[in-house]
Structure formats: structure tokens, C-alpha cells
Amino acid sequence: MASEGVVFDTAGEDRQFLRDLAVSTIALLIAYNAVIGAFPVLRLPENTKRCAWVLSIFSSCVCGPVCLPYVWRYVFQEWDETNMFQDDEVSRSLVTFFFAYLMVDTYYSVMHYSDQLAFLTGWGHHIFYMTLFYMALKYHFCIGIMTTFPLEISTIPLSLGRVNPRWRNDLAFGVLFFLTRILYHGFLLERWYNMVAPPLTLWPICAIVLVLHAHWMYSWYIGYMKRLKNGKGKKEEGRQALRPSIRITATSGTSDPPSPIQHRTRHAGEGASEKKAGGQLFGSMD
């Protein structure tokens, strides 16, 4: 690793970058098309919003876990600001992988779901981070970038829920977002802010992104509490609607059993509903 004095010559760095960029791009293209091919429902015009999150699943599932040993070593165990401005083969490969993800996602956004590429969270986000990661590769601070990748962990439940609403878990997303993009992000900002003589001043970028994340966290909390309140209200309305029928049944004492024809009709209707629900892999999403 960096503390062991790994040094890259320019020609070697270029070869590694081109190799990693090619491998990462091909892997992401295969993964994306495999998912779209396996679930044709995603190719429907009304599901472009879901397609826009497929690549995010792969990028977050790779970058989030792979960076954790670096975070443990260089942020918590052996903090030294000089380590933030070094790199090794793994850190350069992971930064290149995320660079490839941004590049491939931009391509598919333009070609297939341009309506989902917003100016700030789409074009602005991708161009900014592609520039930052290019600088990290050129000026050798990939380990510093690696320490920011835990922020991608919260994207895992978010992207899964966007692609398939049955996998949606708002609470898991909110908790992970708070732990990684607020608490850990704030801790990392404190580390970066107190660097004595860094070759590059990175903390302003970290601070601006933290403010944006705090705004998103607040918006998520307001929305989550509103959905929670609405859900409880709907359950209470359901209970109120059932109470009159229950009282009538109790006072009547007896009720006629359904006829065989009614029973078969109701059973057939329930079977058709179950078949429809079972055959529909992806439900609707707000």
C-alpha cells in the first residue's frame, strides 16, 4: 500500500488506467444489458426511471465494500495526512472503476433515459466527479478518494428500491445515509480541515458536499415522517371501515354460507389476482 512506498512511473500509470478503464467499462456494459435483458419490463417506456438506477447498484456494491479496509487503516488506525495524497494499484483501479461508471451512465442517460439526467444531480454531478477523479489519478491522491467511498453504501438500498419497489426500504436507506453521509462525512471533514500542510486543499469540496447531504437528509426525514403518518392514517381508516360490519355480524348471530357458485367465483377471482401479483416482478413506485 501507499505507506510501503509503492511508486508508479508515468508509462505504467497510463497502461494501468487504460486497462482498468477498458475492463470496468466492459463489465458495466455487460452487467447493465444482462439486467435489462433478464427483465424486459424495464425496457417499457414508463420504466426509464428504473433503468437509470441499474448501474448505480453495481457501482455502489463495488465501491462501498472494497474501500472499507482502506478507511479502517488510513482514517481510523494510521491517520497521517500524507497517506491521503498517495495511491496504490487497488486505489487507482477503484477510482478508475467509478470514473468508468460515470462515463457509462452518462452515455446511457443520453441514449436511453435523458429525461432522468437532471442538471445538478446528473450532468453537474458526473462532470464534477469525473474531473475530480481524473485529478486524483494524475496527482496521486486516490487513497484520499478511497476514504470517501463509504458514502456510496447508502446508495445500495436506494438504487435497489428504485429498480424494484419490492426491495424498497426507506428506513434502511435513511439510517445508512445518516451514518455515512452525515456522521462519517463530518468526521472526515474534520480530519481534512486540520491537515497541516496538504499538497492540495480538499476540505472545501468536502464541506460543500456535506451541506448538500444535510439538505437531502432533512428532505428525506420530512418525507419519511409524512409517509409514516399517512400510512398510520390509512390503517386507522381501514379499521373504522371494518367496525360497522363486524358489529352487524355479531348482532345477527348467524349468516348464510356462500353458495357453491359464489364460492367458486370468489375462489377463481382470488386465484387470478394471485397469479397476476405473482407474475408481476416489478410493482408500481411513487
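How big is the charge dipole of region 12-107 about its Cα centre, in debye rounded to the nearest 20, if each Lys and Arg gets +1 on its Cβ and each Asp and Glu gets -1 on its Cβ?
Roughly 620 debye, rounded to the nearest 20.
Set the Förster radius R0 to 41 Å, insert the Cβ-Cβ distance between residue 175 and residue 27 as r into 1/(1 + (r/R0)^6), and round the FRET efficiency to 0.05.
FRET efficiency, residue 175 to residue 27: 0.85.
Place +1 on the Cβ of every Lys and Arg and -1 on the Cβ of every Asp and Glu in region 77-198, take the dipole about the Cα centre, and give the residue among 114, 153, 176 whose Cα lies farthest towards its positive end.
Towards the positive end, the residue furthest out is 114.
Any chance you could look up the accessible area of residue 114 with a 1.4 Å probe, heavy atoms only, rounded to 10 Å²?
80
Hey, rough spin-label estimate for residue 38 and residue 215, points 7 angstrom out along Cα→Cβ, what's it come to in nanometres?
3.7
What residues from region 49-75 fall in the zone where the backbone N is under 13 Å from a label point 7 Å along the Cα-to-C-beta line of residue 167?
50-62
Obtain the radius of gyration and the Kirkwood radius of region 45-102 from its C-alpha atoms and give Rg over Rh. Please list the in-between numbers first.
Numbers: Rg = 15.2 Å, Rh = 13.3 Å.
Radius of gyration relative to Kirkwood radius: 1.14.
Roughly what percent of Cα-Cα pairs across region 88-185 reach past 19 Å?
Summing the P(r) tail past 19 Å for region 88-185 gives 53 percent.
The values are calculated or read from the model by the stated rules, or taken from the named source; none is laboratory data. This one's a predicted model, so the numbers in the text were calculated from it and none came from an experiment. Backbone-built Cβ (ideal geometry, glycine too); neighbour counts: all protein chains shown. Just so you know, the surface numbers come from the protein's heavy atoms only, side chains and all, with ligands and any DNA or RNA stripped out. Shrake-Rupley method; radii C 1.70, N 1.55, O 1.52, S 1.80 Å.
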